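Let me begin by presenting the structure, written as structure tokens, before commenting on it.
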Amino acid sequence: MTTAGHVWKAMRLPPWRFVLSRWPWRALIYLMLSVLVGAALVPLVILTFLLLPFWGLVLGSMERRRTRLLGFPVQMSDHAAVDASERHHWINIRLTERATWREALALIWDLVCALLALIVLFFEAITLLALGMVAAAGITGPTPTQFFGDAEGVMTPTNWWPVALITLVVLILFGYINACLATGQACVLRLLCGPKARGVDANIQRLINSRRALAESSDAERRRIERDLHDGVQQELIALGARLGMIGLEVDELAARGTDTTQLLRAVDEAQVQAEHAMTTLRDTVRGIHPSVLTDYGLRAALEELAERSDIRVTVEGNPSVHLPAAHETTVYYLVAEALTNIAKHASASSVVVATGTDGKTFIVTVTDNGTGGADKRNGTGLRGLTERAEALNGHLKVTSPAGGPTVLRMDLPLPEEGNALHANTDR
């Protein structure tokens, strides 16, 4: 059953079936508990008014469970989880949550409902006690009886039975009153103490969008740094190498004229070797920051370049026509690059298969090797970093690596909707 289905369904039954069901009794117990809760809250609120939000936290936890008496399912908390690293900020976090103040309002609502339940139950108890006394007077009569006000009569064993019918009608009426009052209180409490589904969904969507925007801005910054190094420092090193080459020619001319240039030529050669080494290092650094082939020619060409540079035989499969955003392509590229590096170092593999594809909603890339297995993304920063990259794009990285192999790395990245096509890589 959903939400309050049991209660409302029972109240739609014929009166005699409703009275004979368990729901009137559960509603009565719920109201009696409300009176007890209210009696406990009154001194707490008076003596520790400043702690009212924290009493609301306790109350909210209790109320999310107490409504099970009326057929409601247990609710989840709307409070954010606080991990161990943030425990010292627990009070500040709770006081800034809307859920805390909704539960404080629920505490006030419980006090109001407790007073109302006390009045109703007191009236019901007095009414049933009076009817019982009138019936007892008739059974043991004849007994002169004053009913209410100036109304008087004599109750005898022959005229007391209408009181039994009146009592039955009153019990049915009280059952409906209690059920309505208890359910009304519970519905408001569930609204105040339960999770706000729409708000939670909106918060999650904002978090996803912010994480995606952060990943995209990070990749854009990587591309900017790569362009600056390529167009600036790298060109300067090329010019330096050319200048050293020209100096070497001039030194050769001096040597042809009989000048001893042995040491000078050695120094020029060493400087040229250092310049070439700096160029190689810079190219590797630029490739590590953001590979230019990825920007210029796309993911397929970048993966094939990784395969060519690898010492292991790498087969690249799949050529999806889907146009990926730059952040997705960069994440896939670094997954394959990190996987190939790890395989070369630890897996003792002779071949690797890199497969890419899509099911229309998700871009999937798998890296499978025939090595010894035993890889674990909890060990080492490489796979953990790739996991964080995937999660930043609302994706998921799964590592399957039994002892003896094979090892399979699978990354699933949700594709953006058509309306977000502007995020796609348009640099090439």
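The values are calculated or read from the model by the stated rules, or taken from the named source; none is laboratory data. Model, not experiment: these values are computed from the prediction. Neighbour counts are summed over all protein chains in view; Cβ atoms, including those assigned to glycine, are modelled from backbone coordinates with ideal geometry. Ligands, DNA and RNA are excluded from the accessible area calculation, which covers all protein heavy atoms including side chains. Shrake-Rupley method; radii C 1.70, N 1.55, O 1.52, S 1.80 Å.
In segment 81-139, how many are surrounded by 12 or more Cβ atoms within 10 Å (Cβ to Cβ) and assigned to a helix (DSSP H, G or I)? Going through segment 81-139 one residue at a time, the tally reaches 39. Looking at segment 354-366, which of its residues are open to solvent by less than 50 Å² (accessible area, probe 1.4 Å) and among the β-branched types (Val, Ile, Thr)? Scanning segment 354-366 gives Val354, Thr356, Thr362, Ile364, Val365, Thr366. Restricting attention to segment 155-173, the residues that are part of a helix (DSSP H, G or I), of a type outside the set (S, T, N, Q) and free of Cβ contacts under 8 Å to residues at least 60 places away in the same chain add up to 10.
What number of residues in segment 367-379 are open to solvent by 30 Å² or more (accessible area, probe 1.4 Å) and under 11 Å from Leu409 (Cα atoms)? The total comes to 4. If you go through segment 241-261 and keep only what is at pLDDT 70 or above and either of a type in the set (Asp, Glu) or open to solvent by 80 Å² or more (accessible area, probe 1.4 Å) (or both), you end up with Arg243, Met246, Leu249, Glu250, Asp252, Glu253, Ala256, Arg257. Within segment 317-355, the only residue that satisfies the criterion of being assigned to a strand (DSSP E or B), farther than 16 Å from Arg410 by Cβ and in contact (Cβ under 8 Å) with a residue 40 or more places away in the chain is Pro325. Can you say whether Val233 is touching an Asp or Glu at 6+ places or on another chain (Cβ under 8 Å), part of a helix (DSSP H, G or I), at pLDDT below 70 and among the hydrophobic types (A, V, I, L, M, F, W, C), as far as the supplied structure shows? No. Checking each residue in segment 63-75 for being surrounded by 15 or more Cβ atoms within 10 Å (Cβ to Cβ) and either among the aromatic types (Phe, Trp, Tyr) or part of a helix (DSSP H, G or I) (or both) picks out Glu63, Arg64, Arg66, Thr67, Leu69, Leu70, Phe72.
Residue by residue, here is whether (1) more than 13 Å from Ala179 (Cα to Cα); (2) of a type in the set (D, E, K, R); (3) assigned to a loop (DSSP other than H, G, I, E, B) holds:
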{"position": "Lys9", "(1), (2), (3)": "no, yes, no"}
{"position": "Trp16", "(1), (2), (3)": "yes, no, no"}
{"position": "Val19", "(1), (2), (3)": "no, no, no"}
{"position": "Trp25", "(1), (2), (3)": "no, no, no"}
{"position": "Leu28", "(1), (2), (3)": "no, no, no"}
{"position": "Leu33", "(1), (2), (3)": "yes, no, no"}
{"position": "Val37", "(1), (2), (3)": "yes, no, no"}
{"position": "Leu41", "(1), (2), (3)": "yes, no, no"}
{"position": "Leu44", "(1), (2), (3)": "yes, no, no"}
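This table checks each residue for (1) modelled with pLDDT under 80; (2) open to solvent by 50 Å² or more (accessible area, probe 1.4 Å); (3) of a type in the set (D, E, K, R).
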residue	(1), (2), (3)
Asp284	yes, yes, yes
Gly288	yes, no, no
Gly298	no, no, no
Ala302	no, no, no
Glu317	no, yes, yes
His328	no, no, no
Leu340	no, no, no
